[in-house]
Structures are given as C-alpha cells and as structure tokens.
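Notes to accompany the following structure.
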Amino acid sequence: MKHLFFIFCCITFFAISGQAQNKKAAKYNDKIINEQIKLEPFLIKFFKDFNSASIESLKEQHNNIVAMLDKSSKKVAAMPVFENDGSLRDAALKWFNLYKESFENEYKEMLPIISKKDKTNEEKTKLNEMHEKLIKEEEVIDTEFASAQKTFADKHKLTLEEANTSK
C-alpha cells in the first residue's frame, strides 16, 4: 500500500526570504504557506499508518485532517487579495479544496478497502485506479500553486526559500 502515498509527502513549501524587499508581500505568502505546513505532519502520519493502523484510527485521523483542511481553507479564504491580486490566495484555495475533496470522497471510499487484509483483484484494481487519478489531479494543482507562488514572488521582488517543515 506504499503506492497510496499522496505526492504531498514530496511537496516542498516555500517561505519568503527574510531579506525580502516587500515585507507585506512576504508576510502574505508565509501566512498561506504556514497553513499548508500545519497539515504536513498529519498527512504524513495518515499515509504512514495505512498498512498498520486500525480502521478506527485511520477514520479518526481522516476526520481530523478534513476538519483541519476546512479550517485552513476558511482562514485563507478570509484573507483579502494582495494589492488587487488574488491569484496566490486563489491557487492556495484550489490546493486546499483538492485535498479536502479527495479526503471527503476518494479516501473515505478507500479506507474500508485498504483495511481489508485479503483484497480481491477488483478491489486492488479500484484502489490503483483511484490512486492514479488522485496523483494526476494533485500534480496539476501542485504545479498551479507553485506557478502562482513564483509569479507572486517575482512580481513583488521576493526570494523563495524552502520552508523548514521538520518541526
């Protein structure tokens, strides 16, 4: 089941360099990134636990992640556009919504199958198809977000640096 890991575990978040010329733009970017970073340890644990945790534990983690995604999405949605430019905020909202929808739909459907020790070939095929679909959707949304963040940074003369997410 290690193939069921979302690409999320490989996502690199970017914070703005402390030497940014536009501190307001840097703060705006970092506020969005910090919402994403808050989710990372919970998502990693969820996917790490796929093979070993009980279905009850996975459901509890799943519900917690959905609630966190919803809360972060609402925080970002409440942010005003930055200097008449809402592209970064909107790209982040699309990112949160994709993850929230995939957890509310595909992963909710996948959990009972994943928890079964003896899966039928049909179940294995279904899991693989769902996994492939999620990866494709995620690649698109991750690329869109990275592009929006780079455009935002370039527009405001900011330097992107990899965020330290190992807390």
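If you go through region 73-84, how many residues are touching a Phe, Trp or Tyr at 6+ places or on another chain (Cβ under 7 Å) and either basic (Lys, Arg) or not in a helix (DSSP H, G or I) (or both)?
So in region 73-84, the residues touching a Phe, Trp or Tyr at 6+ places or on another chain (Cβ under 7 Å) come out as 73, 76, 82.
Within this subset, residues satisfying the condition of being either basic (Lys, Arg) or not in a helix (DSSP H, G or I) (or both) are 82.
Residues in region 73-84 being touching a Phe, Trp or Tyr at 6+ places or on another chain (Cβ under 7 Å) and either basic (Lys, Arg) or not in a helix (DSSP H, G or I) (or both): 1 in total.
Do you know which of the residues in region 95-128 that are part of a helix (DSSP H, G or I) and of a type in the set (Val, Ile, Thr) is farthest from Ile32 (Cα to Cα)?
The first filter runs over region 95-128 and keeps only residues part of a helix (DSSP H, G or I), leaving 95-115, 121-128.
Okay, now just the ones that are also of a type in the set (Val, Ile, Thr), so 113-114, 125.
Working: Ile113: 34, Ile114: 32, Thr125: 36 Å.
Step by step, filter region 95-128, then rank; the result is Thr125.
Could you list, in sequence order, all residues of region 46-59 that are surrounded by 13 or more Cβ atoms within 10 Å (Cβ to Cβ) and among the charged types (D, E, K, R)?
Passing the criteria: Lys48, Asp49, Lys59.
Hey, could you check region 140-167 for residues that are of a type in the set (Val, Ile, Thr) and in contact with a helix residue (DSSP H, G or I) (Cβ under 8 Å, 6 or more places away or on another chain) and say which is modelled with the highest pLDDT?
If we take residues in region 140-167 being of a type in the set (Val, Ile, Thr) and in contact with a helix residue (DSSP H, G or I) (Cβ under 8 Å, 6 or more places away or on another chain), then Thr151 is modelled with the highest pLDDT.
Quick check, is Leu69 closer than 18 Å to Glu106 by Cβ, of a type outside the set (Asp, Glu), at pLDDT below 90 and in a helix (DSSP H, G or I)?
So Leu69 does not fit the description; no.
Every residue in region 132-167 that is under 30 Å from Ser52 (Cβ atoms) and within 15 Å of the chain's Cα centre (by Cα), please.
Selection gives Leu134, Ile135, Lys136, Glu137, Glu138, Glu139, Ile141, Asp142, Ala163, Thr165.
Can Glu137 be described as modelled with pLDDT of 90 or more and assigned to a helix (DSSP H, G or I)?
No; evaluated as a whole, the condition is false for this residue.
The values are calculated or read from the model by the stated rules, or taken from the named source; none is laboratory data. Everything numeric here is computed off the predicted structure, so don't read it as measured data. Every residue, glycine as well, gets a Cβ built from its backbone with ideal geometry; the counts of neighbours run over all protein chains shown.
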